[in-house]
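First up is the structure itself, then whatever we jot down about it.
The values are calculated or read from the model by the stated rules, or taken from the named source; none is laboratory data. The shown structure was predicted, so the numbers you read here are calculated from the model rather than taken from an experiment. Don't worry about glycine lacking a Cβ; one is built from the backbone with ideal geometry, like all the others, and counts go over all protein chains shown.
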Amino acid sequence: MAERRAAGAAAAEIVFDHVTKFYPGRQAAAVNDLSLTIPAGDICVLVGPSGAGKTTAMKLVNRLIDFDEGDIRIDGRSVRELDAVELRRGIGYVIQQIGLFPHMTVGDNVAVVPKLLGWQKQRIRARVAELIALVGLEPGDADRYPSQLSGGQRQRVGLARALAADPAVMLMDEPFGALDPITRDRLQNELLRLHDLERKTIVFVTHDIDEAIKLGDRIAILREGGVLAQYDTPDAILATPADDFVARFVGADRGLKRLALRKLAEIELESPNGVPPGTPYTSAQTTLRDALSLMLTEGADRLVVVDDDGGNAGVLTIHQVSRLLSER
Amino acid sequence: MSGGPVIPNFGEGSSCVLHNDLFCSDWFTQNWSPVLQPALVQHIELTAKAVGIGFVIAFAFAIVARRFRIVERPFSLLSAFVYTIPSLALFQLLIPVTGLTDTTVLIALVGYTLLILFRNTVEGFRAVPADVLESARGMGLTGLQTLWRIELPLALPSIMAGVRIAVVSTISLATIAAFVRPVGLGHPIFDAIQDNIFKTELFAAGGLAVALAIGCDAILVAAQRGLTPWTRAKRS
């Protein structure tokens, strides 16, 4: 059998073009005239309260649910042009309950889509080994069954399985929702690391605004009835919420959340000359939010910032922080 | 067909046979090839055919019921009804239709396997977690691929439990088939209990039926263990 590559390794742009979905027997639309463009290689987080149609919107992309109006295009091609099964094989799919196949070993789980695509055995074996390492599992884990793994390990396998055929697009439906906070945080970081390594276009669904801010290159905030309330970068949404709903949804501490998005290394600091001795210091990798917290707990109005080589990078003052916050 | 000595010949047997002692090994040895072994082979054939045909029917209906729930109840009720008919009565009911034939025996035995095989197969499919099915669909498995690669293996423990019960109960029931046709281990048993109970033959044939049931069950357990290694995976 000829080997086929799923949809192509390079990330693809996803366009929602006036997409509407009605569920039978229900008056209101689940997704209402949704239009947004997800640039290739970006993580787009769909976030909103329950009933906002975020999971529905995500499932329209791989046609687990079919839309009624409008169109969705991946790299300019309508998802309706392709056979649904063929389409899904080219799109990584991760769900909260993970849905690993309990009768298959970890390795066999990861190999499912490559096998469906007719890859040669040797190539599959190499890819499985590569992915096991990539998602931070031990080589020996390939021969274990899902029941022998912890929740966090299982979701790592879920990630590896979705990445197996090197899809251009990944759909992730609250993948870390069932994990404890520490494991969730670790896996979020892993996802960002993986995204740097294998740049996919990711549609990520969550109801957790903090997760959205942390992971998203762009955030689409949906409101009840599947209406798009705002679609922008996390920074822009936190700085200028489109309306009261968005402002309430992102929370009263949106200023602090915004500070958490930036590290001291990204900021133009003031000259370190004339700093009184005993001024507290911190690393350039600290976020503005943590730096502010440090100033407040130390009772200082400035911090010395130490760069990665241990050198003196400059000084951050509390006035600077407030100036940055008022920037739009 | 009159295989073997229908009534023990009290004239020329050993003293054990003449006294109708509990168990005469000399009679057993002499009658193994002419009587017991053919009966055992017939019994195995009968059981295999009955469970095999019963499985095909029950499995087909279970697959249909998995997609069309409406099929489940009628088939379940029908097979439960058949199951409640006393076996001797069922044979009697069938004889006017299919006569004193192997078909009569087979129809009755198949009928008794349906309930357990159907229910266990349906239960096995139902026990497949919804998230497993969703991820299978999301990954691009077709319906048929999901059935063979995911649902069937995961339903296997339940299906095998049904097959084990069906095999053991069919081995036991098939002895009564000798009421219709002189086949299987029921034939020597019927011989042994006519007029004067000939203990050796009764124990030999009855014992073989029990041994067959235990042996088959052991083989099926081993097969299941081999086929479902994930159910025994230990957390380490």
Hey, A:Ala212 touching a helix residue (DSSP H, G or I) at 6+ places or on another chain (Cβ under 8 Å), small (Gly, Ala, Ser), more than 29 Å from B:Thr231 (Cα to Cα) and in a helix (DSSP H, G or I) or not: yes
Selected residue (only one of A:Gly53, A:Gly70, A:Gly92 is more than 14 Å from chain B (Cβ to nearest Cβ) and under 23 Å from A:Pro175 (Cβ atoms)): A:Gly53
Qualifying position, being modelled with pLDDT under 95, under 17 Å from the mean Cα position of the chain (by Cα) and buried (at least 21 other Cβ atoms within 10 Å of the Cβ), among B:Gly207, B:Gly184: B:Gly184
Top-ranked residue of the range A:42-54 - restricted to ones that are surrounded by fewer than 24 Cβ atoms within 10 Å (Cβ to Cβ) and at pLDDT below 95, ranked as nearest to A:Gly225 (Cα to Cα): A:Gly51
Test: residue in the range B:223-231 that is in a helix (DSSP H, G or I), in contact with a Pro (Cβ under 9 Å, 6 or more places away or on another chain), among the aromatic types (Phe, Trp, Tyr) and within 20 Å of B:Val41 (Cβ to Cβ): no
Residue within the range A:114-124 that is of a type outside the set (A, V, I, L, M, F, W, C) and buried (at least 18 other Cβ atoms within 10 Å of the Cβ) present: yes
Residue count, the range A:282-311 (criterion: farther than 23 Å from A:Ile237 by Cα and either surrounded by 15 or more Cβ atoms within 10 Å (Cβ to Cβ) or among the acidic types (Asp, Glu) (or both)): 16
Hey, B:Arg181 charged (D, E, K, R), under 19 Å from B:Leu46 (Cβ atoms) and out of contact with any strand residue (DSSP E or B) (no Cβ under 8 Å at 6 or more places or on another chain) or not: yes
First in the range B:214-236 and away from every other protein chain (no Cβ under 13 Å) and without any contact (Cβ under 8 Å) to a residue 12 or more places away in the chain, second anywhere and surrounded by 12 or more Cβ atoms within 10 Å (Cβ to Cβ) and aliphatic (A, V, I, L, M), Cβ under 7 Å, 6 or more apart: none
B:Thr98 modelled with pLDDT under 95, surrounded by fewer than 18 Cβ atoms within 10 Å (Cβ to Cβ) and in contact with a Ser or Thr (Cβ under 8 Å, 6 or more places away or on another chain): yes
Restricting the range A:89-144 to residues that are under 27 Å from the mean Cα position of the chain (by Cα) and among the aromatic types (Phe, Trp, Tyr), the residue that is nearest to A:Gly158 (Cα to Cα): A:Tyr93
The lone exception for B:Leu117 - which of (1) at pLDDT below 95; (2) more than 14 Å from chain A (Cβ to nearest Cβ) it fails: (1)
Failed condition for A:Val110, given (1) within 13 Å of another protein chain (Cβ to nearest Cβ); (2) out of contact with any Leu (no Cβ under 7 Å at 6 or more places or on another chain): (2)
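Yes or no, residue by residue, for (1) within 21 Å of the chain's Cα centre (by Cα); (2) surrounded by fewer than 19 Cβ atoms within 10 Å (Cβ to Cβ); (3) in contact (Cβ under 8 Å) with a residue 12 or more places away in the chain:
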position	(1), (2), (3)
B:Gln92	yes, yes, no
B:Ala127	no, yes, yes
B:Thr146	no, yes, yes
B:Ile159	yes, no, yes
B:Ala166	yes, no, yes
B:Ala174	yes, no, yes
Test for A:Val304: is it of a type in the set (Val, Ile, Thr) and in contact with a Pro (Cβ under 7 Å, 6 or more places away or on another chain): yes
Any chance B:Val163 is more than 13 Å from chain A (Cβ to nearest Cβ), over 22 Å from B:Arg232 (Cβ atoms), of a type in the set (Val, Ile, Thr) and in contact with a helix residue (DSSP H, G or I) (Cβ under 8 Å, 6 or more places away or on another chain): no
Test set (1) modelled with pLDDT under 85; (2) not in a strand (DSSP E or B) - A:Ala313 fails condition number: (2)
Test set (1) surrounded by 23 or more Cβ atoms within 10 Å (Cβ to Cβ); (2) touching a Phe, Trp or Tyr at 6+ places or on another chain (Cβ under 7 Å) - B:Val122 fails condition number: (2)
Close pairs (7 angstrom Cβ cut-off, 6 or more residues apart or separate chains): more than 23 Å from A:Ile221 (Cβ to Cβ) in the range A:57-69, assigned to a helix (DSSP H, G or I) anywhere: A:Arg63/A:Ala84; A:Arg63/A:Leu87
Helices (runs of 4 or more DSSP H) enclosed by the range A:33-151 - at least 3 residues per element that are under 26 Å from B:Pro153 (Cα atoms) and out of contact with any His (no Cβ under 7 Å at 6 or more places or on another chain): A:84-89, A:106-110, A:112-116, A:121-134
Residue that is surrounded by the fewest Cβ atoms within 10 Å (Cβ to Cβ) [pool: residues in the range A:176-217 that are among the basic types (Lys, Arg) and out of contact with any strand residue (DSSP E or B) (no Cβ under 8 Å at 6 or more places or on another chain)]: A:Arg193
Any pair with Cβ under 8 angstrom, 6 or more apart, that starts in the range A:8-28 at a residue that is touching a residue at least 12 places away in the same chain (Cβ under 8 Å) and ends at one that is aromatic (Phe, Trp, Tyr): A:Val19/A:Phe67; A:Thr20/A:Phe67; A:Lys21/A:Phe67
